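Everything below concerns the one structure shown next.
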Amino acid sequence: MIALLPGDGIGPEVVAAGRTMLEAVAERFGHRFEFEEGLIGGAAIDETGRPLPDRTHELCERADAVLLGAVGGPRWDDPSASVRPEQGLLAIRHALGLFANLRPIRCRPSVLGASPFRPEHLAGVDFVVVRELTGGIYFGEKRLEAIEHGERATDVCTYSTVEVARIVRVAADLARTRSGRLVSVDKANVLETSRLWRRVATRVLADEYPDVELQHMLVDTCAMKLVQQPRMFDVVVTENMFGDILTDEAAALAGSIGLLPSASLGPAGTTGTRRGLYEPIHGSAPDIAGKQRANPIGTILSCAMLLRHSLGLELEARAIETAVEGTIEAGALTADLTVPDGRVVRTEEVTLAIVARLGTALPALSQATYS
């Protein structure tokens, strides 16, 4: 069973596109997927007063995988509010033990013009950021206290050896399937957590992955190199907040944040698959909600990652990715990727164009059920 959490803003539109894609995969390859919807974020606050209701938590615990749209919007934008949409997303990641966030960044030749960088600067850019997702400053102790002449706020960043080692292993395993190169990003010249991170990463690679080349890089240097020399990266591993910031920066390389998927994964099971939550990395974009202007490709590529990592359906995942590439090349693009006065395609039209290209040259697989 696949849990659907549409959330807020354009979330319902892109999750609908994802469901359409998964239903098309089921029909094309002889599978049966069951779906259940739940509330999260602002929609859940409005309905229940909580950003992650118990029913949604229970639904996600039962699911083989979770597909999420986006959370947040102007109605719930007060950062000082005690209940906020983003709390629901943090809570479900923590509750499901989703410690590894994979964010692939790929620059496609036909849409390089949508990026603020010169096309020749972006040719061949293709890397993955592996972000630690359940530790660090986002989950550390938080305090706000009154002091003379004002207030003092404290956010504690904490990492343990176990937390660092497990995310480094995920990144090193991925590097082995690619170029065998791994960049570990920290701030070891300033932060004690980063000094621990660097020691643990060095030990894990030396002891367990001698075939993977490890390079340490300070986060400020990495931020600069991402725009100066993006082709130098293949797999990047880093802590929670650094990964959040760096991947949004890297999204500019691809031309639109609407193209980019993500997978938030837990520990590997006995079959090698992982429980996961899958979502585009864009936000809720409330200014275009309900207008069929949202780019569904980030969500559809997240569905490919869902099939690969949580259901073990590699051929089906590749079929989606191939269909997406063909659709982009054919110019079926939403407004975020089109030139001024160019032809703009609606969310539903892009989705159906991808469905039409799905697996036309791939053999059907045996029947399977996920419920």
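The values are calculated or read from the model by the stated rules, or taken from the named source; none is laboratory data. Only a predicted model underlies this, so the values are computations on that prediction, with no experimental measurement involved. Using ideal geometry, Cβ is built from the backbone for each residue, glycine included, and neighbour counts are taken over all protein chains shown. Calculation scope for accessible area: heavy atoms of the full protein, side chains included, ligands and nucleic acids excluded. Shrake-Rupley method; radii C 1.70, N 1.55, O 1.52, S 1.80 Å.
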Revision key, fill the gap. Of the residues in the stretch 92-135, those that are among the acidic types (Asp, Glu) and closer than 17 Å to residue 225 by Cβ number 1
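Yes or no, residue by residue, for (1) within 23 Å of residue 110 (Cβ to Cβ); (2) part of a strand (DSSP E or B); (3) open to solvent by 20 Å² or more (accessible area, probe 1.4 Å); (4) among the β-branched types (Val, Ile, Thr):
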site	(1), (2), (3), (4)
247	yes, no, no, yes
250	yes, no, no, no
253	yes, no, no, no
276	no, yes, no, no
Exercise for review: Consider residue 315 carefully, then state whether it is aliphatic (A, V, I, L, M), farther than 25 Å from residue 120 by Cα and touching a strand residue (DSSP E or B) at 6+ places or on another chain (Cβ under 9 Å).
Suggested key: no
Check your understanding: Among the residues of the stretch 219-233, which ones are in contact with a Lys or Arg (Cβ under 9 Å, 6 or more places away or on another chain) and either open to solvent by 30 Å² or more (accessible area, probe 1.4 Å) or among the small types (Gly, Ala, Ser) (or both)?
Key -> 220, 232
Practice item. Identify all residues within the stretch 239-263 that are of a type outside the set (A, V, I, L, M), closer than 28 Å to residue 296 by Cβ and touching a Ser or Thr at 6+ places or on another chain (Cβ under 9 Å); write none if there are none. Key: 240, 247, 255, 256, 258, 261, 262
Revision key, fill the gap. Filtering the stretch 257-274 down to residues that are open to solvent by less than 10 Å² (accessible area, probe 1.4 Å), under 15 Å from residue 106 (Cβ atoms) and either assigned to a helix (DSSP H, G or I) or small (Gly, Ala, Ser) (or both) yields 258, 259, 262, 263
Practice item. Using the structure shown, decide if residue 138 is under 30 Å from residue 267 (Cα atoms), among the hydroxyl-bearing types (Ser, Thr, Tyr) and within 21 Å of the chain's Cα centre (by Cα). Key: yes
Exercise for review: Would you be able to tell me the number of residues in the stretch 278-287 that are open to solvent by less than 50 Å² (accessible area, probe 1.4 Å) and in contact with a helix residue (DSSP H, G or I) (Cβ under 7 Å, 6 or more places away or on another chain)?
Suggested key: 6
Review point. For the stretch 256-274, how many residues meet the condition of being out of contact with any His (no Cβ under 9 Å at 6 or more places or on another chain) and charged (D, E, K, R)?
Key: 0
Review point. What's the number of the condition residue 153 fails, among (1) over 22 Å from residue 265 (Cβ atoms); (2) of a type in the set (Gly, Ala, Ser); (3) open to solvent by less than 70 Å² (accessible area, probe 1.4 Å)?
Key: (3)
Practice item. Provide a single number: the residues in the stretch 289-315 that are in contact with a Ser or Thr (Cβ under 7 Å, 6 or more places away or on another chain) and assigned to a loop (DSSP other than H, G, I, E, B). Key: 8
Study note, to complete from the structure: Residue set 199, 181, 203, 195; condition surrounded by fewer than 17 Cβ atoms within 10 Å (Cβ to Cβ) and under 26 Å from the mean Cα position of the chain (by Cα); output residue 181
**Study point:** Residue within the stretch 316-331 that is part of a loop (DSSP other than H, G, I, E, B) and either open to solvent by 50 Å² or more (accessible area, probe 1.4 Å) or modelled with pLDDT under 90 (or both) present
**Key:** yes
Practice item. Would you please list the contacts, defined by Cβ atoms under 7 Å and residues six or more apart or on different chains, that run from a residue in the stretch 2-13 that is within 12 Å of residue 42 (Cα to Cα) to a residue that is among the β-branched types (Val, Ile, Thr) and in a strand (DSSP E or B)? Key: 5/66
Revision key, fill the gap. By residue number, the members of the stretch 6-21 that are touching a Cys at 6+ places or on another chain (Cβ under 8 Å) and of a type in the set (A, V, I, L, M, F, W, C) are 21
**Study point:** Residue list for the stretch 4-38, restricted to those being open to solvent by 20 Å² or more (accessible area, probe 1.4 Å) and either among the charged types (D, E, K, R) or in a loop (DSSP other than H, G, I, E, B) (or both)
**Key:** 9, 13, 19, 23, 27, 28, 32, 34, 36, 37
